[in-house]
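Student: Okay, handing you the structure first.
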Amino acid sequence: MESISHDITTPIRFIVTISQELDKEKDSELQKQYFNEIYKTSEQLYKFTSDLKEYTKLFKEDSIFEEEVYPLYDLLENKKVLYEQIALKNKVMIINNCDRYISTIINKNILSAIFHNLLDNAAKYTENGTIEIISTTIGNYIEIGIFDSGKGMSEEQILYYNEVFNNMDAHQFVFKDYGFGLHMIIQLVKKIDAKISFHKNTPSGTIVKVLIKENPRA
């Protein structure tokens, strides 16, 4: 339940905020714009919550593979649409530059939860800037990078989360209270035998890279 509530907080907060502005607004054109923003975000939120039954099974999921391959671009585009209205309100452009021809067989619900959370963080901490999704093929791996120009993680946070990924299984590792979301994502990344790393963006913001095997069954 905690992981579910974390992932729906930002869209719901946005709908509440826009609803409050709509209540005060007298201009009919702006009212129409607000209604449109609420509709688009609600529609995508509905699609996300309709899969809650599957979402709650993520950590217990035995199979980390789908029966058929599917394009990563479509999965990322769905997440982009969910956060697009929230981002536009903060004068942020979300750009999906993932290669349309890259496909994967990795469990769609798990990857969806991973990128949902990463885009949620980027949208939450970025104003007057961009969030760009970029794919790169590196040997037998596919790297998906999320580049934002927002507030950015501190160097301490970047170091900590990279250490979490590298040392989470160590018996003596001490977890800090930096929030639940990224700890959950790192666990899911490990579950699908992928890698995640955190970097500082230039001149501002954060880069998060997720590295998955191109042919994980090989």
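Student: Over the chain, what is the relative contact order in percent, taking alpha-carbon pairs closer than 8 angstrom and at least six residues apart? Before the final figure, lay out the partial values.
Tutor: Details: 321 pairs, mean separation 42.3, N = 218.
Here the relative contact order equals 19 percent.
Student: While we're on this one: Taking R0 as 35 Å, what FRET efficiency do you get between E155 and Q33 from their Cβ-Cβ distance, rounded to the nearest 0.05?
Tutor: Working: r = 39 Å, r/R0 = 1.12.
The pair E155/Q33 has a calculated efficiency of 0.35.
Student: Same structure again: Using the Kyte-Doolittle scale, find the helices of the chain whose mean hydropathy is at least -0.5 and whose Cα atoms extend 27 Å or more along the helix's long axis, counting only whole DSSP H runs. Before the final figure, lay out each step's value.
Tutor: Working: long enough: 2-24 (33 Å, -0.08); 28-49 (31 Å, -1.15).
Helices meeting the criterion: 2-24.
Student: Rounded to the nearest 500 deg cm²/dmol, what is the calculated helix-only ellipticity per residue at 222 nm for the chain, with -39500 (n - 2.57) per DSSP H run of length n ≥ 4?
Tutor: -16500 deg cm²/dmol
Student: To continue, here is another question. Positive end of the dipole of the chain, charges at C-beta (+1 Lys, Arg; -1 Asp, Glu), about the Cα centre: which of T9, L111, F198 has its Cα farthest in that direction?
Tutor: About the Cα centre, the residue reaching furthest to the positive side is F198.
Student: Here is a follow-up. Which of these, S28, S204, S19, has the largest mean-square fluctuation under a Gaussian network model of the chain (Cα springs below 10 Å)?
Tutor: Of the options given, S28 has the highest mean-square fluctuation.
Student: Hey, what D do you get for the chain in µm²/s if you plug the Kirkwood alpha-carbon radius into Stokes-Einstein at 4 °C and 1.567 mPa s?
Tutor: My calculation gives 71 µm²/s for D.
Student: Nearest 5 is fine: what % of DSSP beta bridges in the chain come out antiparallel, could you say?
Tutor: 80 percent
Student: According to a simple spin-label model (label point 7 Å from Cα along Cα-to-Cβ), what is the distance in nm between N215 and V16?
Tutor: Label at V16, label at N215, 5.0 nm between them.
Student: Okay, moving on. Of the residues V81, V16, V208, which exhibits the maximal mean-square fluctuation in a Gaussian network model of the chain defined by a 10 Å Cα contact cut-off?
Tutor: Result: V16 has the largest fluctuation of those listed.
Student: Also, I was wondering about something else. Enter the accessible area per residue of the chain (Å², integer; probe 1.4 Å; all protein chains in place). Numbers along the way, then the final one.
Tutor: Working: 12000 Å² over 218 residues.
Per residue, the chain has 55 Å² of solvent-accessible surface.
Student: Assuming R0 = 35 Å, what is the FRET efficiency of Y101 and E61, from their Cβ-Cβ distance, to the nearest 0.05?
Tutor: That pair, Y101 with E61, gives E of 0.85.
Student: In the chain, carbon and sulfur make up what percent of the accessible area (probe 1.4 Å)?
Tutor: Of the solvent-accessible surface of the chain, carbon and sulfur hold 50 percent.
Student: For D74, D23, D148, give the ranking by accessible area with the largest first, probe 1.4 Å.
Tutor: D23, D74, D148
Student: Enumerate by residue number the trypsin sites (Lys or Arg not before Pro) in the stretch 93-144 meeting two conditions: DSSP loop (anything except H, G, I, E, B), and at most 13 other Cβ atoms within 10 Å of the site's Cβ. Intermediate values should be presented prior to the final figure.
Tutor: Numbers: sites: R100, K108, K124; in loops: R100.
Of the trypsin sites (Lys or Arg not before Pro), the ones in loops of the stretch 93-144 whose Cβ has at most 13 other Cβ atoms within 10 Å are R100.
Student: Which value, in debye to the nearest 20, describes the size of the charge dipole of the chain about its Cα centre when Lys and Arg Cβ atoms bear +1, Asp and Glu Cβ atoms bear -1, and nothing else is charged?
Tutor: 120 debye
The values are calculated or read from the model by the stated rules, or taken from the named source; none is laboratory data. Keep in mind the model is a prediction, meaning the values are calculated, not measured. Glycine gets a Cβ as well: all are built from the backbone with ideal geometry, and neighbour counts include every protein chain shown. Ligands, DNA and RNA are stripped out before the accessible areas are found, and what is left, the full protein with its side chains, is counted by its heavy atoms. Shrake-Rupley method; radii C 1.70, N 1.55, O 1.52, S 1.80 Å.
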